[in-house]
Amino acid sequence: MLESLFLGALIAAAAVEAAQPGAVKPVAAPMRDLTWGQLNFLHTTDTHAWLSGHFLEPSFSADWGDYISFSQHMRKLADDKGADLLLIDTGDRIEGSGIYDSSIPKGLYQYDIYAQQKIDLITTGNHELYKAYSIDMEHNTTIPNFKENYITSNLDYIDPKTGKRVPQAQRYRKFKTKNLGINIVSFGFLFDFTGNANNSIVQPVADTVKEDWFQEAIKEKPDLFVVIGHVGVRMEEFRTVFKAIRKEDWDTPIAFFGGHLHIRDAVSYDSKSLAIASGRYLETIGWMSIDGIVKKQPKDDENEEVEIKKGPTFTRKYIDNNLYGMYYHTGLNETTFPTKEGQKTSKMIENARKTLNLGHRYGCAPRDLWMTRAPYPGKDSIYTWLEEEVLPDVVVNKDRKDKPRLAIANTGGIRFDVFKGPFTRDDTFTVSPFTSGFRYVPDVPYEIAAKVIGLLNSQSRIFVAGLPDTRQLTIPQLMYPRPKYLDETEAETEVDTEVGTVEQVEDETEARLELRGMDASGDNDGIFGGYTTKDDISKDGDDTVHKPIDFYSVPNCIQAEIGFPEEGKPKTVDLVFLDFLQPWMIPALKFSGGDYSAKDIEPYMEGTLTDKLANWIGDNWKDECK
Ligand SMILES: *[C@@H]1O[C@H](CO)[C@@H](O)[C@H](O)[C@H]1NC(C)=O
Ligand SMILES: *[C@@H]1O[C@H](CO)[C@@H](O)[C@H](O)[C@H]1NC(C)=O
Ligand SMILES: *[C@@H]1O[C@H](CO)[C@@H](O)[C@H](O)[C@H]1NC(C)=O
């Protein structure tokens, strides 16, 4: 088995071109094959505008244009096999990369580039909903781009002209697949999100499934239900949809496609259903296949019944988004792989990047700084770097610069690692895509201010009146702890071969959440660091065989002490925080013994964390890369 894997690596070891100029080339690695069924799916989620691919990571260096070429070949393969292929996207397409965040208005190039891909089922994530602007853009741009393929089962829009509440897109979609005529009823859900701007309304999923239209739709007796959603596959909202369908229809297969938590994962709710989650940032293209679908009504022009197999059987794979793998799965090479449409899209990305000046270098990062691949606190943690180096330099109000201050930021505001080497304008947006500025409460007694961070970081669900759920403050991978039954596996000791240390991974289930590798040096066996997913199905879901990478937990929030006296603690401090944290601050201060209200909060200084980060890097890392 392993030998044939290695043979695969040898055959395709020839150099291959990456799509965006300057991106690293993919690296050969042992591969696992995709299993095709009657119906097959390619799934993206939480792409967060990473349409350029990852410039410095060989495993993920293909761009959106390459994905278009890939899917065109896969559709052709499906046709040749007499099977069907559907493409799915489950939201959070925006916010997280310069191609969306750096243009004015935002997404000036993003929406059109994205729409070059033909997606069969698409829905909305929470990131499309933070700003009234991006909600409007979904309504007047993305939905027209994808027409009847766009589904929002529990999301409404307030029409700015009439003030009326209307479904953001159609509630569900009923259609037949092209080749086999499989009848599908499909839904598109968003988790019970509450942080949306006021021109949208998210209906709790438990209410939606009671509505007449939903109850009618699940009586349709299709050959298959396809539930897509910006929902973690272990979150309650998908369970709710599953139970509602099963109450009405006990045996029609159901395919679930989820996201939001930025992880690779798969869960089988029963023997006739499978749910997969396909990662983040165009690192992962999820694959699902279903065989043994029983057709309840034969296709119109079909005389004979489709062969009825025992089933259904589901398979899944997580495809690393790089050209090496795309060639491997399609049997093509650098000459035969790129399609006209794919190349056109890669060119659109390249042009947008040039216009937006995304390759502009602010400086050279002297070392790697990790979100979760290094312990926090620690010298390789991006959060320790922020606390000790960046925040003390940038959190300055010139009229109050002599006042000691505590500056608090939430870890979820940081979205990506810093790699040693050139640090570009694009990188500022991948690391810090949000537009949070700084606010503060002046002159808070130190003993009160100092208690706030502990409340924000409390793990157990303490009850503090008015305090919103603190899980929303951390990175997506840590927002929803996995259920206890999965935590029963014993802790594993993993050897980090790179630095020669032995790390005790406290929680094996946590360690599998986000595993990503840029180290492509590999061993003699050609295996290098990357995703090594263990889901409910098995340990071999990744299409590429990798060595595992360590994962370390981070708190919800970090805090820098700035301008403190040499000895002892100050009497009062300015409590400075990212404005995203405002809903938590007053309840946390109250609980700590401070009677403050929203009117005590004032802007602290001009500019966003992203601006400050870019300036700091320009000032401190200005040397050329060696
Ligand atoms: C869509 O809405 C946004 C935000 O209101 C607006 O800026 C944009 O011009 C609109 N686009 C179209 C095509 O109507
Ligand atoms: C949403 O909030 C804004 C700003 O507070 C307000 O101007 C607008 O009228 C509100 N829109 C709706 C639909 O409630
Ligand atoms: C790519 O495949 C084609 C068709 O099989 C073959 O003719 C060609 O030589 C290959 N090119 C490379 C660079 O391997």
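General remarks:
- Meets criteria (more than 16 Å from ligand 2 (Cβ to nearest atom), crowded, with 22+ Cβ neighbours inside 10 Å, farther than 16 Å from Thr435 by Cβ and in contact (Cβ under 8 Å) with a residue 12 or more places away in the chain) for Leu121: yes
- Flag for Asp101 being at pLDDT 95 or above, crowded, with 24+ Cβ neighbours inside 10 Å and either within 16 Å of ligand 3 (Cβ to nearest atom) or closer than 23 Å to Leu261 by Cα (or both): yes
- Each residue in segment 603-623 was checked for being touching a strand residue (DSSP E or B) at 6+ places or on another chain (Cβ under 6 Å) and among the acidic types (Asp, Glu), and 1 of them qualify.
- Residue check for Tyr157: within 16 Å of ligand 2 (Cβ to nearest atom), in contact (Cβ under 8 Å) with a residue 12 or more places away in the chain and of a type in the set (Phe, Trp, Tyr): yes
- Selected residue (criterion: nearest to Arg400 (Cα to Cα)) from residues of segment 606-624 that are touching a Ser or Thr at 6+ places or on another chain (Cβ under 6 Å) and either not β-branched (Val, Ile, Thr) or not assigned by TED's automatic domain parsing to the domain that holds Phe423 (or both): Leu609
- Index of the failed condition, Val554 passing every other in (1) out of contact with any helix residue (DSSP H, G or I) (no Cβ under 7 Å at 6 or more places or on another chain); (2) not charged (D, E, K, R); (3) not in a helix (DSSP H, G or I): (1)
- Pick from segment 150-178, criterion among the charged types (D, E, K, R) and within 16 Å of ligand 1 (Cβ to nearest atom), ranking: nearest to the chain's Cα centre (by Cα): Asp159
- Of everything in segment 572-589 that is out of contact with any Lys or Arg (no Cβ under 7 Å at 6 or more places or on another chain) and surrounded by fewer than 18 Cβ atoms within 10 Å (Cβ to Cβ), the residue that is nearest to Gly413 (Cα to Cα) is Pro583.
- Check on Ile319, touching a residue at least 40 places away in the same chain (Cβ under 8 Å) and not in a helix (DSSP H, G or I): yes
- Filter result for Glu220 (exposed (fewer than 15 other Cβ atoms within 10 Å of the Cβ) and away from ligand 2 (no atom under 16 Å from the Cβ)): no
- Of all residues in segment 534-551, those being assigned to a loop (DSSP other than H, G, I, E, B) and either farther than 22 Å from Thr313 by Cα or at pLDDT below 90 (or both) number 6.
- The lone exception for Lys147 - which of (1) crowded, with 19+ Cβ neighbours inside 10 Å; (2) within 16 Å of ligand 1 (Cβ to nearest atom); (3) closer than 30 Å to Ile290 by Cα; (4) over 22 Å from the mean Cα position of the chain (by Cα) it fails: (1)
- Qualifying residue in segment 80-87 (condition: under 19 Å from the mean Cα position of the chain (by Cα), small (Gly, Ala, Ser) and either at pLDDT below 95 or not in a helix (DSSP H, G or I) (or both)): no
- Positions within segment 250-290 being small (Gly, Ala, Ser) and either assigned to a loop (DSSP other than H, G, I, E, B) or modelled with pLDDT under 95 (or both), in sequence order: Gly259, Ser268, Ser271, Gly279
- Selection over segment 455-476 of residues that are among the aliphatic types (A, V, I, L, M) and modelled with pLDDT under 85 gives a count of 3.
- Residues of segment 26-79 satisfying the condition of being among the charged types (D, E, K, R) and either touching a residue at least 40 places away in the same chain (Cβ under 8 Å) or closer than 17 Å to Tyr324 by Cα (or both): Arg32, Asp33, Asp46, Glu57, Asp63, Asp66, Asp79
- Some residue of segment 101-109 being within 16 Å of ligand 2 (Cβ to nearest atom), assigned to a loop (DSSP other than H, G, I, E, B) and free of Cβ contacts under 8 Å to residues at least 12 places away in the same chain: no
- Options Lys340, Lys317: the member that is at pLDDT 95 or above and over 24 Å from the mean Cα position of the chain (by Cα): Lys340
- Top-ranked residue of segment 334-362 - restricted to ones that are farther than 21 Å from His54 by Cα and assigned to a loop (DSSP other than H, G, I, E, B), ranked as farthest from ligand 2 (Cβ to nearest atom): Thr335
- Whenever a residue of segment 130-144 is under 10 Å from Tyr111 (Cβ atoms), it has no partner that is within 16 Å of ligand 3 (Cβ to nearest atom) and of a type in the set (A, V, I, L, M, F, W, C) lying with C-beta atoms less than 8 angstrom away and at least six residues away or across chains.
- Enumeration of residues in segment 394-415 that are assigned to a loop (DSSP other than H, G, I, E, B) and surrounded by 23 or more Cβ atoms within 10 Å (Cβ to Cβ): Val395, Ile414
- Residue in segment 143-182 that is nearest to ligand 3 (Cβ to nearest atom), counting only those that are among the β-branched types (Val, Ile, Thr) and over 22 Å from Arg75 (Cβ atoms): Ile143
The values are calculated or read from the model by the stated rules, or taken from the named source; none is laboratory data. Everything numeric here is computed off the predicted structure, so don't read it as measured data. Please note: Cβ atoms are built from the backbone with ideal geometry, for glycine as well, and neighbour counts cover all protein chains shown.
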